[in-house]
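The values are calculated or read from the model by the stated rules, or taken from the named source; none is laboratory data. Since the model is a prediction, treat every value here as computed from it, not as a measurement. Here the Cβ positions follow ideal geometry from the backbone for every residue, glycine too, while neighbour counts run over all protein chains shown. Ligands, DNA and RNA are stripped out before the accessible areas are found, and what is left, the full protein with its side chains, is counted by its heavy atoms. Shrake-Rupley method; radii C 1.70, N 1.55, O 1.52, S 1.80 Å.
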Amino acid sequence: MNKLVKQDTRSERRITVAVPAGSPSTYDVVVGSGLLAGIGDRLARLSAGAAWGVISDAHVQGLVGESVVAALEAAGCRAVLLVFPAGEQFKTRGTVSDLQNGAIEAGLGRDAWILTVGGGVVGDVGGFVAATLFRGLPMAQVPTSLLAMVDSSVGGKTGVDTPAGKNLVGAFHQPRWVLADVDTLATLPDAELRAGLAEVIKYGVILDQQLFIDLEDGLLESCATRVPEALISVIERCVAIKARVVADDERETNWRQVLNFGHTIGHAVEMLSKYSMRHGEAVAIGMICEAHLAQRLVGAPPDTPVRIRDLCSRAGLPTEIPASLTPDAMLEAARRDKKTRANQIRCALPRQIGAMAHHDGQWAVEVPDSELIAAIEAN
Ligand code: GLY
């Protein structure tokens, strides 16, 4: 086993996320193994026995969703399972509306809590239901994919895609509690695990040089082969980074944009692939292209794109922009990114592995169209 990851899987790790303006202003993310066994009692205590709307997708429903509902019932809570079809193509306003109607018809009221059980799409959709139903219900999350554990279940971003782009309709709605049990990753398809590793690599690039070096030194393979200690350690480190960023800029006015490294081009690739490409796969390509931009625009060392490409490749992630996507189409899709101002594309770029660049106090740097095209062509 990799010397970097020898840890005790029995103890749970707890990272507290502080959101000064949030309600509540802090919440815990609990990471470990074997934790789902006690989830009914923990949720019952958290909600003082209130009813729960448990939102899951058709894939995770049978793997985890139903047993969580049974655990809630065994702990004395009423629980209603609300399920929608799996896949990014169902991350829509229509799905949200169906789930809201289902919750109301099942008799859940203003005193109910929402629990999301699933990957990133379930968390985003279910979180948006929680943010909007009865003008806001408290929510907890049980992420069951690596990507959701390290990124989307923490920080309060909820929402859906529209035909014009990803995550264009949504709300900030912080969870009250997050439980990441790595046992749920045992049934995660390999491609989904690899997609999660893209976000892990991202955290190393943006704020944790040592994490990036540890991944290069073999931690990546330990995670890819699902060594529980490696997964727990990496999830804890990534969540701790995200907690630091979110604490300073919950609403992404500036600093939180660093979490978007690789996502300006990544979202464009993902959307142009009509979501046939996984989010993490598109982010891998986006990180490599944006690393070329970082080299050209903010003086990142020349080996930056190479090191990121190597790690993505070792993780089994795609590293090339699909030939069917033309630079012009990429440019137009990237322009729809939420960081764009006055039609000017902006990207969060590393000045080196582990540290982000800023210019005039802004963490998203203006990218001339010609530079974006050059970076796409350099990919
Ligand atoms: N996934 C990026 C963020 O939460 O801001």
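Within the listed set 167, 260, 101, the residue fluctuating most in the Gaussian network model of the chain (springs between alpha-carbon atoms under 10 angstrom) is 101. Averaged over residues, the count of other Cβ atoms within 10 Å places the peptides 318-325, 158-165 in the sequence 158-165, 318-325, highest first. Computed with a 1.4 Å probe on the full set of protein chains, the accessible area for residue 184 sits at about 20 Å². In a Gaussian network model over the chain where Cα atoms closer than 10 Å are linked, find which of 139, 277, 287 has the largest mean-square fluctuation. Of 139, 277, 287, the most mobile in the Gaussian network model is 277. Using the empirical formula 2.2 N^0.38 Å as the baseline, the Cα radius of gyration of the chain reaches a ratio of 0.95. Using a 1.4 Å probe over the heavy atoms of the protein chains, calculate the carbon and sulfur portion of the accessible area of segment 13-62 as a whole percent. Ligands and nucleic acids excluded, carbon and sulfur give 51 percent. For the residues 354, 53, 38, a GNM of the chain with alpha-carbon springs under 10 Å puts the largest fluctuation on 38. Here the gap between residue 73 and residue 162, fully extended at 0.36 nm per residue and compared with their Cα-Cα distance, gives a gain of 28.5 nm.
Under the rule a/c < 1.5 gives rounded, and otherwise a/b versus b/c splits prolate from oblate, where does segment 26-69 land using the Cα gyration tensor? Taking the square roots of the gyration eigenvalues as a ≥ b ≥ c, segment 26-69 is oblate.
Derived scalar couplings between HN and Hα for segment 217-231 equal 7, x, 4, 4, 5, 4, 6, 5, 9, 6, 5, x, 4, 5, 5 Hz in order, rounded to whole Hz, by the Karplus curve 6.51 cos²θ - 1.76 cosθ + 1.60 (θ = phi - 60°), x for Gly and Pro.
Given the rule -39500 (n - 2.57) for each run of at least 4 DSSP H residues, summed and divided by the residues of the chain, what is its mean residue ellipticity at 222 nm, to the nearest 500 deg cm²/dmol? -12500 deg cm²/dmol, from helical runs alone.
Of the accessible area of segment 148-257, computed with a 1.4 Å probe over protein heavy atoms only, carbon and sulfur atoms account for 49 percent. The portion of the accessible surface of segment 88-137 made up by carbon and sulfur, rounded to a whole percent, is 47 (1.4 Å probe; DNA, RNA and ligands excluded).
Placing R0 at 51 angstrom, the Cβ-Cβ distance between residue 313 and residue 41 gives a FRET efficiency of 0.70 after rounding to 0.05. Of the whole protein surface, residue 255 contributes about 60 Å² of accessible area at a 1.4 Å probe radius. Taking 0.36 nm per residue of sequence separation and removing the Cα-Cα distance, the residue 275/residue 191 pair yields an extension gain of 28.8 nm. A 1.4 Å probe, protein heavy atoms only, puts the accessible area of residue 82 near 20 Å².
When only the heavy atoms of the protein chains count and the probe is 1.4 Å, how do 253, 132 rank by accessible area, highest first? It would help to have the intermediate numbers written out before the result.
Values: 253 105, 132 55 Å².
Solvent-accessible surface, decreasing: 253, 132.
Accessible-area rank, largest first, for 73, 199, 236: 73, 236, 199, with all protein chains present and a 1.4 angstrom probe. For the chain, the number of Lys pairs separated by eight or more positions or lying on different chains, with C-alpha atoms closer than 16 Å, is 11.
Rounded to the nearest 0.05, the FRET efficiency derived from the C-beta distance between residue 101 and residue 303 at R0 = 51 Å is 0.45. I'd like the FRET efficiency for residue 25 and residue 336, computed as 1/(1 + (r/R0)^6) with the beta carbon distance as r and R0 of 41 Å, rounded to 0.05. Between residue 25 and residue 336 the formula returns 0.80. Expressed as a fraction of 2.2 N^0.38 Å, the C-alpha radius of gyration for segment 73-232 is 1.11.
I'd like the antiparallel share, as a percent to the nearest 5, of DSSP beta bridges with both residues in the chain. If I count the DSSP bridges inside the chain, around 45 percent turn out antiparallel.
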